[in-house]
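**Q** Below is one structure. I have some questions about it.
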Amino acid sequence: DTQVEKQNVNTKEFEGQAARIRAETLVLNSLADGNITFINATAHATSYNVRKNAMAIALNNTIEAEKIAYGKVQETLPFPDQASFNRYLMYLQLLEESNQATLMVGMEGAMLNLKGAGIE
């Protein structure tokens, strides 16, 4: 064997090793991409569940707080029946939706002058 032949054999061996390493690298990259996709999907699902659970807890806490507040309002203001209380809540909601509204309770028989108050 001549030196050139030995170098050709060595070159072919190195080329084979390089090709094998490239193939193994592609396999490892594919496995890593699959793992990344799985981790991202799991994180997204977990994030979605945490967010929905937090929203449900917040809504439940709001409902409980409103229940307590409405109970205090019913104790404090003399509503003759549930329908009157429901009307009060409806007017209160309208008040919250308007920046310039004013809600007056217990004004039966009162004389009001609304001129200049933006109400004609």
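Each value in this text was obtained by applying a stated rule to the coordinates, not by laboratory testing. Since we're looking at a predicted model, the values are computed, not measured. Please note: Cβ atoms are built from the backbone with ideal geometry, for glycine as well, and neighbour counts cover all protein chains shown.
**Q** Take ASN35 and PHE85, extend 7 Å from each Cα along the Cα→Cβ direction, and tell me the distance between the two endpoints in nm.
**A** So the two model labels end up 6.0 nm from each other.
**Q** While we're here: How many times 2.2 N^0.38 Å is the alpha carbon radius of gyration of the range 34-78?
**A** 2.08
**Q** Using the Kirkwood formula on the Cα atoms of the range 1-89, what hydrodynamic radius do you get, in angstrom to one decimal?
**A** Hydrodynamic radius (Kirkwood, Cα only) of the range 1-89 equals 20.2 Å.
**Q** What fraction of the Cα pairs in the range 5-45, stated in percent, has a spacing above 17 angstrom?
**A** Within the range 5-45, distances greater than 17 Å cover 53 percent of Cα pairs.
**Q** What are the ³J(HN,Hα) values, in whole Hz, obtained from phi via the Karplus relation 6.51 cos²θ - 1.76 cosθ + 1.60 with θ = phi - 60°, for each residue of the range 28-40 in sequence order, with x given for Gly and Pro?
**A** Karplus-based 3J(HN,Hα) across the range 28-40 equals 4, 4, 5, 4, 5, 4, x, 5, 4, 4, 5, 5, 4 Hz.
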